[in-house]
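Encoded as structure tokens, the structure appears first; notes follow it.
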Amino acid sequence: MSVVRAIKAVDELVAAGLVPDAAGLEAVAAKYAVAITPAVAALIAAGDPDDPMARQFVPRVEELVTTPDERADPIGDLSHSPVTGIVHRYPDRVLLKAVHVCPVYCRFCFRREMVGPQGLGTLTPAELDAAMDYIAGHEEIWEVILTGGDPLVLSPRRLSDLMARLAGIAHVKVVRFHTRVPVVEPERIDDAMVAALLASGKTTYLAIHANHPREFTPAARAGMALMHRAGLALISQSVLLRGVNDDVETLASLMQAFVENRVQPYYLHHPDLAPGTSHFRLSIAEGQALVSQLRGRISGLAQPTYVLDIPGGFGKAEIGASAIAAADGGWIVRDWQGQAHAYPPRDQSSQD
Ligand code: SF4
């Protein structure tokens, strides 16, 4: 599918052949923003609503179904926001949400009630001043995480200005960006953007969000290589999604693609309880089984940490099935094939 500018309206989805007709979708688009970049449109198999790229980006009427356990702020950002644009959930780090705009709008987004043209918008100069004052006034803040929205929608000039302000705060040692731009709008990753990301002079990490191996296009790979060469530390973020990556071969290829592009696998998120996303959720038991299968299937370099953001703002918890359990004054530990062994060993044989 070849389009020259981002698709942002239902009639454009129909014209591009990404949906057969507009039935029910105007109501979805009125509630949750729609945007599909040309790079993403090129990856969608038109006419197949179950294509993993279509599922991630093309709106569906199922989004109008909100289940009782879903909530507008699933990870509890608002309960930890001392000033507009800051989320201070853990002692040593804050989120700085400078923008609530993204180049694409993922249909499973955990902040879908906050992002988009009708979302929380961009911080005003006064709000940004207050957010910077908050960071400067809290010496325990070691790391600032720019998220949103997608901070890489900002121009290199505006990002450089932001980074220059963080450069002046001595106790901030690490700046981290959370972004989907390197895969969904890779043309934005150029020398000017990379220079802006490094402008604070702090150690800079970029957490790249990708959920399917098809997102690693030649353009995306070139951007990752450019960023790595320039000295950005690259880590991954993925969401475990029904119909997108909920099989071990897809997950294995995704994690290997990160490693091949020098992106260290970091988080595999269990999908949050965002409104209208139940068609994406699998059970935690299914997720644990998949992550356990990955252990034996691919290199240790390619293993993500499976996490759940506890609803209500209580932070992340690792939820992978534990490989070890206490038993009879010792331990039972499971190997990569699921076989149980006593530790310390009672004899030379397996304890199954
Ligand atoms: S890029 Fe991130 S913040 Fe933006 S819609 Fe996707 S998941 Fe949500």
Report summary line: Of the residues in the stretch 261-276, those that are in contact with a Leu (Cβ under 9 Å, 6 or more places away or on another chain), modelled with pLDDT of 95 or more and either open to solvent by 30 Å² or more (accessible area, probe 1.4 Å) or part of a loop (DSSP other than H, G, I, E, B) (or both) number 7
Report summary line: The correct count of residues that are within 16 Å of the chain's Cα centre (by Cα) and either among the hydrophobic types (A, V, I, L, M, F, W, C) or open to solvent by 10 Å² or more (accessible area, probe 1.4 Å) (or both) in the stretch 234-245 is 8
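Listed here are the residues, each with its yes/no results for (1) out of contact with any His (no Cβ under 7 Å at 6 or more places or on another chain); (2) surrounded by 20 or more Cβ atoms within 10 Å (Cβ to Cβ).
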| site | (1), (2) |
| --- | --- |
| A42 | yes, no |
| D50 | yes, no |
| R71 | yes, no |
| C106 | yes, yes |
| G121 | no, no |
| E127 | yes, no |
Query raised in the report: Somewhere in the stretch 70-81, is a residue in a loop (DSSP other than H, G, I, E, B), within 13 Å of the ligand (Cβ to nearest atom) and over 19 Å from the mean Cα position of the chain (by Cα)?
Result: no
Report task. From (1) within 16 Å of the ligand (Cβ to nearest atom); (2) surrounded by fewer than 23 Cβ atoms within 10 Å (Cβ to Cβ); (3) assigned to a helix (DSSP H, G or I); (4) β-branched (V, I, T), pick out the condition that doesn't hold for I135. Result -> (1)
Requested in this report: Determine whether R188 is among the charged types (D, E, K, R), touching a helix residue (DSSP H, G or I) at 6+ places or on another chain (Cβ under 7 Å), within 16 Å of the ligand (Cβ to nearest atom) and open to solvent by 10 Å² or more (accessible area, probe 1.4 Å).
Outcome: yes
Query raised in the report: In the set R89, R107, which member is within 12 Å of the ligand (Cβ to nearest atom) and among the basic types (K, R)?
Result: R107
Report task. Go through the stretch 150-165 residue by residue and tally those that are outside any helix (DSSP H, G or I) and closer than 14 Å to L128 by Cβ. Result -> 1
Report task. Could you tell me whether any residue of the stretch 96-109 is among the charged types (D, E, K, R) and touching a Gly at 6+ places or on another chain (Cβ under 9 Å)? Result -> yes
Query raised in the report: Within the set of pairs 6+ apart or on separate chains, which have a first residue in the stretch 63-86 that is closer than 22 Å to L308 by Cβ, a second that is acidic (D, E) and at pLDDT 90 or above, and C-beta atoms under 7 Å apart?
Result: P74/D272; I75/D272; I75/D309
Query raised in the report: In the set V19, V58, V10, V3, which member is open to solvent by less than 50 Å² (accessible area, probe 1.4 Å), within 16 Å of the ligand (Cβ to nearest atom) and either farther than 21 Å from V239 by Cα or within 24 Å of the chain's Cα centre (by Cα) (or both)?
Result: V58
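The values are calculated or read from the model by the stated rules, or taken from the named source; none is laboratory data. These numbers were taken from a predicted model, which means no experiment stands behind them. When we count neighbours, we look across all protein chains shown, and the Cβ atoms used for this are built from the backbone with ideal geometry, even at glycine. For accessibility, only protein heavy atoms count, side chains too; no ligands or nucleic acids. Shrake-Rupley method; radii C 1.70, N 1.55, O 1.52, S 1.80 Å.
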